[in-house]
2 protein chains.
Amino acid sequence: MQVVFLGTGAGLPSKSRNVTSVILDLLQENQSMWMFDCGEATQHQILHTNIKPRKVTKIFITHLHGDHIYGLPGFLSSRSFQGGSDPVTIYGPEGLEQFVRTCLTISQTHLSYSIKFVEISDGIIYEDDKFKVIAQSLDHGITSFGYRIVEKDLPGALLVEELKKQNIPPGPIYQQIKNNPTVTLPSGEVIDTSRFIGKSKQGKVVVIFGDTRFKETHYLLAENADLLIHEATFSGSQEELANEYYHSTTIQAAAIAKNAKAKKLILTHISARFQEQDYENLVKEAKSIFPNTEIAKDYTRFTV
Amino acid sequence: MQVVFLGTGAGLPSKSRNVTSVILDLLQENQSMWMFDCGEATQHQILHTNIKPRKVTKIFITHLHGDHIYGLPGFLSSRSFQGGSDPVTIYGPEGLEQFVRTCLTISQTHLSYSIKFVEISDGIIYEDDKFKVIAQSLDHGITSFGYRIVEKDLPGALLVEELKKQNIPPGPIYQQIKNNPTVTLPSGEVIDTSRFIGKSKQGKVVVIFGDTRFKETHYLLAENADLLIHEATFSGSQEELANEYYHSTTIQAAAIAKNAKAKKLILTHISARFQEQDYENLVKEAKSIFPNTEIAKDYTRFTV
Ligand SMILES: [Zn+2]
Ligand SMILES: [Zn+2]
């Protein structure tokens, strides 16, 4: 599982940071990519990566501010232009479907694939055999969600050597042993299959917050996350401003990570008022609370 | 008067050409800039120029295809963010206002200036003491307009030496002489003021076509233009494709320029299927019909 930052700026684009978009690369896990937010020119950013738009099959929008959604009509159009045919499901707050449909209709854009909208509220918004996605409302003036992406534990491998030692030869019985708690052997013997299954591998948890003001309880969404991606529009000393504009500081983001006992924190949604030389200090502020912190840049890729 | 190309590609962005937008720089003439079309990431392109969004006071949209309008909500938002306060008038086909208002409303974007929409049809759509803009429908499947921007002739200067020779001393009478065909001097003498006014300077004419299929009569909009900007989505040999997709070839664009007796032709809306090494040939095709042809690139600036 990998995370690719396509845009890490706040409010409006700058030369070094585009407005928000993050890709969760699940090619290894399920041959697809999931997009979180789609600010203007996200499709332009993608031109400088190896990401294939047709591989993006789910788009999760945290909130409807322009810097998080204005790239969506263009991304969907170009995905069609480039021959995308797999359906896309778009998750987000009420109003998202009206925005996208209006843009596509007025521009007479006909997509080569179907799109489906899921208007979300708090709780589990998606689940399959490998993943579960949970949404939680935040505090941003406008409806804004954080997403917790939970990879389910991977079952352990069949211990073939152990089976052979017990004189159980390969065959359809192996599949039965893998899928059932007990199995009756041809000899009539009933075995407890758990002895023949390796340790299960714990799934990863990635949590992506939308824009938000700090709130004590927000850490619950990020509990024990392997990776927490949190906005840090303001520096540690600007708590009042952050509060006034419904955003967070570096230190507040770090407090969420700490309380959640997350393994790693990446700061994003960095204001254009900060320059290259300020980044070190922003990270330092967060590290004083939560040591394993990094700051995102456009195009950086993290392995989870 | 200058023209700056912000995007010169067709349909979708590539690494070398963004989707369509052109700036008519009238800072010398009336302290403002006019924008023609606003594809996605036009505001990003502007970051690499000295153009100030707050100086853009009129936006003319040729047609509602996404590659010509998806940058508009973001451009307007950022213009506000950057403290723009002068009103903006937006000209274009029916549906444009609904598109912009929906995007701004759903994203809860509140602009720091007012916007006014003018739904255009063929004819004079704007006129002041210095400029006149004429729109003409083209042939693009969807409603698409070309714009003829006419600078009015600049009145000649007052010939002060001549006035002094005739013993007419400086004073309010000079303004009267400038503004009236005849004037009565304090002596009672009635004079024909034209003797005291220098030669008027002919205003420039710039014509910007929206996407269109070739049509014989289109040259009328471009008659005697100092500069004609015309799409050339296809090469000379692809006339059938051009026709099928409601676009023009290099040769068709050149034919319009020739029949219009334009002074210069710039080809734009170049498909991503053409690479750097193809451009010379595209220009050569057009030059075989209309010698004074150039091909636009992103960021190139032409003086008219
Ligand atoms: Zn926001
Ligand atoms: Zn078009």
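The values are calculated or read from the model by the stated rules, or taken from the named source; none is laboratory data. From a predicted model like this one, the values you see are computed outputs, not experimental measurements. Positions of Cβ are backbone-derived with ideal geometry, glycine not excepted, and every protein chain shown enters the neighbour counts.
Mind checking which strands (runs of 3 or more DSSP E) fall wholly inside the range A:127-185 and carry at least 3 residues that are surrounded by 13 or more Cβ atoms within 10 Å (Cβ to Cβ)?
Passing ranges, in order: A:131-137, A:145-151.
Can you tell me which residue within the range A:38-62, out of those that are in a loop (DSSP other than H, G, I, E, B) and more than 9 Å from chain B (Cβ to nearest Cβ), is nearest to ligand 2 (Cβ to nearest atom)?
Within the range A:38-62, the match that is nearest to ligand 2 (Cβ to nearest atom) is A:CYS38.
In the range A:56-108, what residues are away from ligand 1 (no atom under 14 Å from the Cβ), of a type in the set (Ser, Thr, Tyr) and more than 30 Å from B:SER144 (Cβ to Cβ)?
A:THR57, A:THR89, A:TYR91, listed by residue number.
Quick one: which residue in A:GLY84, A:GLY11 is out of contact with any Gly (no Cβ under 6 Å at 6 or more places or on another chain), at the interface with chain B (Cβ under 9 Å from one of its Cβ atoms) and modelled with pLDDT under 95?
Testing whether each residue is out of contact with any Gly (no Cβ under 6 Å at 6 or more places or on another chain), at the interface with chain B (Cβ under 9 Å from one of its Cβ atoms) and modelled with pLDDT under 95 leaves just A:GLY11.
Suppose we keep only residues that are within 22 Å of A:ILE23 (Cα to Cα) and of a type in the set (S, T, N, Q) within the range A:219-247. Which one would you say is farthest from ligand 1 (Cβ to nearest atom)?
A:ASN224
Of (1) part of a loop (DSSP other than H, G, I, E, B); (2) over 22 Å from B:SER271 (Cα atoms); (3) within 11 Å of chain A (Cβ to nearest Cβ), B:GLU97 satisfies all except one. Which?
Going through (1) part of a loop (DSSP other than H, G, I, E, B); (2) over 22 Å from B:SER271 (Cα atoms); (3) within 11 Å of chain A (Cβ to nearest Cβ) one by one, B:GLU97 breaks only (1).
When you go through (1) within 14 Å of chain B (Cβ to nearest Cβ); (2) farther than 27 Å from B:SER271 by Cβ; (3) out of contact with any helix residue (DSSP H, G or I) (no Cβ under 6 Å at 6 or more places or on another chain) one by one for A:SER121, which number turns out not to apply?
(1)
How about the range A:5-47: which of its residues are surrounded by 22 or more Cβ atoms within 10 Å (Cβ to Cβ), of a type in the set (A, V, I, L, M, F, W, C) and more than 15 Å from ligand 1 (Cβ to nearest atom)?
A:PHE5, A:LEU6, A:ILE23, A:LEU24, A:TRP34, A:MET35, A:ALA41, A:ILE46
If only one of B:TYR126, B:TYR113, B:TYR91 is farther than 24 Å from B:VAL3 by Cα, in contact with a strand residue (DSSP E or B) (Cβ under 7 Å, 6 or more places away or on another chain) and in contact (Cβ under 8 Å) with a residue 24 or more places away in the chain, which one is it?
B:TYR113
Tell me the residue from B:ALA257, B:ALA296 that is over 25 Å from B:LYS15 (Cα atoms) and crowded, with 20+ Cβ neighbours inside 10 Å, please.
B:ALA257
Could you list all residues from the range A:272-304 that are in contact with a Gly (Cβ under 9 Å, 6 or more places away or on another chain) and modelled with pLDDT under 95?
The answer is A:ALA272, and nothing else.
Restricting the first residue to the range A:46-73 and requiring it to be closer than 17 Å to A:ASP211 by Cβ and polar (S, T, N, Q), which pairs with a second residue that is within 11 Å of ligand 1 (Cβ to nearest atom) and outside any loop (DSSP other than H, G, I, E, B) meet a Cβ separation below 9 Å and a spacing of at least six or different chains?
Going by the 9 Å Cβ cut-off, the qualifying pairs are A:THR62/A:HIS68; A:THR62/A:HIS140.
If you go through the range B:69-92 one residue at a time, do you hit one that is on the phi > 0 side of the Ramachandran plot, away from ligand 2 (no atom under 16 Å from the Cβ), touching a helix residue (DSSP H, G or I) at 6+ places or on another chain (Cβ under 6 Å) and not in a helix (DSSP H, G or I)?
no
Which one is nearest to ligand 2 (Cβ to nearest atom), of the residues in the range A:137-159 that are in contact with a strand residue (DSSP E or B) (Cβ under 6 Å, 6 or more places away or on another chain) and of a type in the set (A, V, I, L, M, F, W, C)?
Checked the range A:137-159; the qualifying residue nearest to ligand 2 (Cβ to nearest atom) is A:PHE145.
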